[in-house]
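Reading through the structure tokens given below for one structure.
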Amino acid sequence: MAQHEFEKVTVESHGNVAVLKLNDPGALNAVSMEMLKGLRQAMDHVEKAENGYRCLIMTGTGRGFCAGANLQGGAGSSEFNPEARDAGAALEREYHPFLRRLKTLRMPFVTAVNGPAAGVGMSFALMGDLILASKTAYFMQAFRRIGLVPDGGSTWLLPRLVGMARAKELSLLGEKLSAETALSWGLINRVYDENALLDEAMKTARELAAGPTVALSLIRKLYWESPDNSYEEQLNLERWSQKEAGRTSDFTEGVAAFLQKRPAKFEGK
């Protein structure tokens, strides 16, 4: 296993699976400007074709996934200082480009929520195509506790994941949502014992990475676009996506493997 160091972020290479770890455990991996810089650098590494990654896992170092924005001082806090004239400027300049990169990532994306996921940390967690959590994890829309509104795309994601009533409940009350309740609500996919989470995430990621990753990337796009498309628009997007998938050698291999009654050997091409 090779490990690549960035500012308050690491990327571990496990063959064709990249594990991106938020790495400021003393602050429960709260997001600072330094970490956002590290995330940009880490994504450059992950998306570089020659590195050969076919699936990305995001998790946190230590006992937290991500406690939201860092308000404790230093470069990360100035953007959210009550004396600042525009508390949303950092979103437009720093957070939104990162979130858009996750949305358009050309590989499956798994989040392994190993502890608290609060504020924008909850937004990061919910970006996963598959969201896995430990039994000790919880989710919190913490913004109202400091007099701010939900951000990181959570007001778009939450109503679509759990419905408007529960989305407003989470945001207006700012209560902790346990992993088990999040699972029962359909907010996340699976819950594991704390010690098993990363192993299970890796199993899932390896299965995805061994799949037809061009098609899987197109599936990601279809579901991201679906909520805002009309039925006719979605039919057209499916038609375009099927054209792209049908041009891949993985499609040829998949059909051949099916006819020959053997496991397919996909190459992501």
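What's the FRET efficiency of residue 178 with residue 224 using the Cβ-Cβ distance as r and R₀ = 30 Å, to the nearest 0.05?
0.65
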Radius 15 Å from Cβ of residue 219, net charge of other residues (Lys, Arg +1; Asp, Glu -1):
+1
Segment 111-269: antiparallel bridges as % of DSSP beta bridges, rounded to 5, reads 20 percent
Built amide H within the under 5 Å cut-off of residue 14, gap 5+:
19
Over 30 Å between alpha carbons, listed pairs 221/265; 135/243; 8/269; 8/103
135/243; 8/269
Size of charge dipole - segment 1-157 - debye, nearest 20, with Cβ of Lys, Arg +1 and Asp, Glu -1, no other charges
380 debye
Other residues with Cβ under 13 Å from the Cβ of residue 8 give, with Lys and Arg +1 and Asp and Glu -1, a net charge of -1
Can you run phi through the Karplus equation (6.51, -1.76, 1.60; θ = phi - 60°) for segment 8-22 and list ³J(HN,Hα) in whole Hz, with x for Gly and Pro?
6, 8, 10, 10, 9, 9, 10, x, 8, 10, 9, 10, 8, 10, 5
According to the Kirkwood expression over distinct Cα-Cα pairs, how big is the hydrodynamic radius of segment 1-137, in Å?
15.0 Å
Once you have the Kirkwood Rh of segment 134-203 from its Cα pairs, apply Stokes-Einstein at 10 °C and 1.306 mPa s and quote D in µm²/s.
123 µm²/s
Peptide ranges 240-252, 19-31, 223-235, 113-125 listed from the most packed, as the mean C-beta count within 10 angstrom indicates
113-125, 19-31, 240-252, 223-235
With charges set only on the Cβ (+1 for Lys and Arg, -1 for Asp and Glu), what does the dipole of the chain come to about its Cα centre, in debye to the nearest 20?
460 debye
Report, in order of residue number, the helices in the chain meeting two criteria: a C-alpha extent of 15 Å or more along the helix axis, and a mean Kyte-Doolittle hydropathy of at least -0.5; treat each whole DSSP H run as one helix.
33-47, 197-209, 213-225, 249-260
Antiparallel versus total DSSP beta bridges in the chain: what percent is that, nearest 5?
40 percent
Around residue 183, what is the net charge, scoring Lys/Arg as +1 and Asp/Glu as -1 over all other residues with Cβ under 11 Å from its Cβ?
+1
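Every number in this text was worked out from the coordinates using simple rules, so none of it is lab data. All values derive from a computational prediction rather than experimental measurement. FYI the Cβ positions are ideal-geometry reconstructions off the backbone, even for glycines, and counts take in every protein chain you see.
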